[in-house]
Structure formats: C-alpha cells, structure tokens
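One structure is given here, and the rest of the page talks about it.
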Amino acid sequence: MSQTGVPARASAVYLLDQILGEGSLMSELVGAGALDKLPVDDRARAARLALDTLRGLERADRILQKHLNKYPPLTVRNALRVGTVELCNGAAAHGVVNAMVELVARHQRLGHLKGLTNAVLRKVAADGPETWATLRVPRLPKWLRVPLVQAWGPEAMAAMEAAHFAGAPLDLTAKADADAVAKATGGMVLRSGSVRVANAGQVSTMAGFDAGDWWVQDAAAALPVRILAPQPGENVLDLCAAPGGKTMQLAAMGAKVTAVDDSAGRMARVKENLLRTGLKAQLIVEDARATTGHFDAILLDAPCSATGTIRRHPDLPHAKDGSEFGALIEQQERLIDHAWSLLNPGGRMVFCTCSLLPDEGEVQTDEALLRHPDMHVDEKALDLPGIDTSWRTAEGGLRLRPDYWPELGGMDGFYMVCLRKAA
C-alpha cells in the first residue's frame, strides 16, 4: 500500500468523477479495471473511500459550503469531499491535507487549485468533525425518496436512510456447515442461516475462501433459494442467474441446476465461483426470454431498480434517476409469464427482486395472479427460521427492508414470493 495514500485517494476521486459526473455504476467501473493497477490493499482502500464519501455526501457538501464561495470543478470538489469525509471520521489532518494537495497539484489542468484545496481542508480539519456529528442523516435524492415515502411512510424512510448511512457488514453463505464457517471467519450465524462478519478485511484472504467453503451473499439475498427449497435431483432453472450466489445455493442443496444469464462477462464470474466451491451447474448465456425446457422449480431473480441494495451500493441513487423504472417493470412482467410457461404442472417458482418499490414486488404478484388462473401463492413456503411474521405481505409474499434487524446491522431490501402451479 502506498505510504502517501495518493494513489488510492486519486482512484477514489476518479470513481466519484465517473459516478457523479457520468452516471456510471461503481460495479461497472471496477469490473472494467478502474482499480486494477493498484496493489490489493490500495484497491480496497480506494473503494472504501469512494463508498464512504457517497454515503456521507450530503454532510460533506454542507460542511464544504461554509468554506467555498463557488464550487470548483468536479474533480477538485470530489477531492475535497473525500478529504472532508476522512477528516470528519478521525483521519490525521496532516496526512489527508498533504495527500489531497498533492493529488490536485498533479492534475494537468487543475493544479493551480492546490492552494484552494489546502486552505479549505485545513479549515475543515479545524471545525468539520464537530459539525459532522450535528448534521442529519443523509437523505436519498428526491426522485427516489418521494416514491419510497409514499410506499412505506416517513418514519420507515428515515430508518432505511439510517441503515444506508451505516453501511453493511459482510454476509456469507456456507456451502455446508454455517457454524464451522462462522468459527473460521470470526462471524456469527444469523437466525436465517447466513454468516455475518463485522469489520471483515480482504475477502480473498479470509479463512475458507480458497477452499470454497462459502461465498459472499447478503442474508436477504439468500432467502429466495431457502423458500424455493430445492430437493436433491430436481431440475431447477435459475433465470437471470449472475452473479451466481443463488446458483451455488441451489447446487449445494443437490439440485440439477440450469443457470441462465445474458451477460457473458458476469457468467464467467459464476463459472469461476463454481470452480472455487466445487459445485456444478449448467451455464447458458442467453436472454432469459429465449430459454426453453421444462423444470420442477424455477428461481426468477428479475432485473430491477436494485433500490434495496443501497446500503452496500451507495452509488446507485447518484448514478440513476428512475427513468428506467417503467421498462424494468414491463420486463419483469414478461419474464414472469415466460418462466411460468417453463414450469411443470405442480411445480413452484420463486419470483424476487432486490427492490424497495412495490411496483417491482407486491404489485407484480397481484397482476400475475390475475393473468394466470393456474397460479396461486404458497404462503407455507415462508415458514422458515429467521423470517418474522411481520415481514409477510397481504398477497402472501415477503417484504424485507434495510431497517430490519437494526441491532444486527440490517439487511438488503428485497421482495420474494413462492408461486405454485396447479397440477
């Protein structure tokens, strides 16, 4: 790791430039190699700095407003934001200020603003930490906050924003023995069976990673497969399968898995994880709506707004604007109908989305039930350890939110429902 911290901080500023200036997603940037030239430790540090800054962006901007007559160009503004978040969270002022001044000084067009950077961050170092603690929990942008308040109310919205600001611990799904994974990684087994690790370091260096004993998967994301409850030998279709956590769950439970996704790059990662864990599945790269065959059970984790994952992906509300909602909702409807045509009589399908919007969950189920007379909700499938009865919805599904399990560190927002086909 660089002793000056400049390379990691420069990469964090670059990520913010692309997210806030170009509407890029962090996962896409990292997948395209934005951090590949950094040492492993600096990669982790750059990603953490960018994520922490996105979570605290509103507070950082409020503090910086006091020290700026006008906003500087985006790159300098993002350097100031990263520096402010670091300073207000206890980083040594000398190291932060010097690194950010050097970072700006190196910039071909903006180097003349190094003096501004130095002056502003020294002022932030003096009064920022005290001010930081008095500011409200950062809020979601209005384009997303308004519909979520309409759906869940202002109190629930405030609780979800607090969960977003707090970030997320690392959750693991064990291939076999959750207790053994928890012991090896220093984690705890949650009521739902996932292993939660607080303050985890580099994932690839954790005990059991190379041996394939577990994979990273939020506790909420692990529930759809447990609700589907695949039996050994059953033919199970995993539609929209990447990044593959659910594929591995299905395979570990003994199912004959066919995993379909239209992204060759993402499916390459699924293949790598299957090899690491010693699990098997048939991988097909194609549009899910082109899939053929007949299956005993189907898992449809449909493309969605991903609004339930903001505690882990705080770039989402800044990189998006909600304009894709309508197209996503129509796509989900088509996928439900196509998947239903592939399900054997008497079979079951779990439809799920990592969304907080009822239009991508509860409403989709209501409308699907009207379209398919041979479809009914299997509410008994939700009778599992760790599932609170208050999470159940009127139509028989399960609604999870980031503010649930606050004492344990929350969970992703998710909707899921088990649908049975008449025999």
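Looking at 369, 328, 335, which is the one that is surrounded by 16 or more Cβ atoms within 10 Å (Cβ to Cβ), over 27 Å from the mean Cα position of the chain (by Cα) and in a helix (DSSP H, G or I)?
One residue alone meets the criteria, 369.
Can we say residue 266 is assigned to a helix (DSSP H, G or I) and either at pLDDT 95 or above or among the β-branched types (Val, Ile, Thr) (or both)? In short, no.
State whether the residues of segment 241-252 include one that is surrounded by fewer than 24 Cβ atoms within 10 Å (Cβ to Cβ), over 20 Å from residue 411 (Cα atoms) and out of contact with any helix residue (DSSP H, G or I) (no Cβ under 8 Å at 6 or more places or on another chain). Checking segment 241-252: not a single residue is surrounded by fewer than 24 Cβ atoms within 10 Å (Cβ to Cβ), over 20 Å from residue 411 (Cα atoms) and out of contact with any helix residue (DSSP H, G or I) (no Cβ under 8 Å at 6 or more places or on another chain).
Against the definition (free of Cβ contacts under 8 Å to residues at least 60 places away in the same chain, assigned to a loop (DSSP other than H, G, I, E, B) and either assigned by TED's automatic domain parsing to the domain that holds residue 127 or not hydroxyl-bearing (Ser, Thr, Tyr) (or both)), how does residue 68 come out, yes or no? Spell out how you get there, then give the answer.
Working: free of Cβ contacts under 8 Å to residues at least 60 places away in the same chain: yes; assigned to a loop (DSSP other than H, G, I, E, B): yes; either assigned by TED's automatic domain parsing to the domain that holds residue 127 or not hydroxyl-bearing (Ser, Thr, Tyr) (or both): yes.
Judged against the criteria, residue 68 is a match.
In the set 131, 185, which member is surrounded by fewer than 19 Cβ atoms within 10 Å (Cβ to Cβ) and more than 16 Å from the chain's Cα centre (by Cα)? Just one listed residue meets the conditions, 131.
If you take the residues in segment 300-325 that are of a type in the set (A, V, I, L, M) and more than 29 Å from residue 198 (Cβ to Cβ), which one is surrounded by the most Cβ atoms within 10 Å (Cβ to Cβ)?
Residues of segment 300-325 that are of a type in the set (A, V, I, L, M), as a first pass: 300, 302, 306, 310, 316, 319.
Checking which are more than 29 Å from residue 198 (Cβ to Cβ) leaves us with 300, 302.
On the way: 300: 22, 302: 24.
Among residues in segment 300-325 that are of a type in the set (A, V, I, L, M) and more than 29 Å from residue 198 (Cβ to Cβ), the one surrounded by the most Cβ atoms within 10 Å (Cβ to Cβ) is 302.
Looking at segment 1-26, which of its residues are of a type in the set (Ser, Thr, Tyr) and surrounded by 14 or more Cβ atoms within 10 Å (Cβ to Cβ)? Full working, then the answer.
Narrowing segment 1-26 to residues of a type in the set (Ser, Thr, Tyr): 2, 4, 11, 14, 24.
Those that are of a type in the set (Ser, Thr, Tyr) and surrounded by 14 or more Cβ atoms within 10 Å (Cβ to Cβ): 2, 11, 14, 24.
Every condition in (1) touching a residue at least 60 places away in the same chain (Cβ under 8 Å); (2) crowded, with 17+ Cβ neighbours inside 10 Å is met by residue 95 except one, and the failing one is (2).
Filter segment 396-422 down to the residues that are on the phi < 0 side of the Ramachandran plot and among the hydrophobic types (A, V, I, L, M, F, W, C) and list them by number. Passing the criteria: 398, 400, 408, 411, 414, 416, 417, 418, 419, 422.
The values are calculated or read from the model by the stated rules, or taken from the named source; none is laboratory data. If you're wondering where the values come from, they're calculated on a predicted model, not measured in any experiment. Note that each Cβ is placed from the backbone with ideal geometry, even for glycine, and that neighbours are counted across all protein chains shown.
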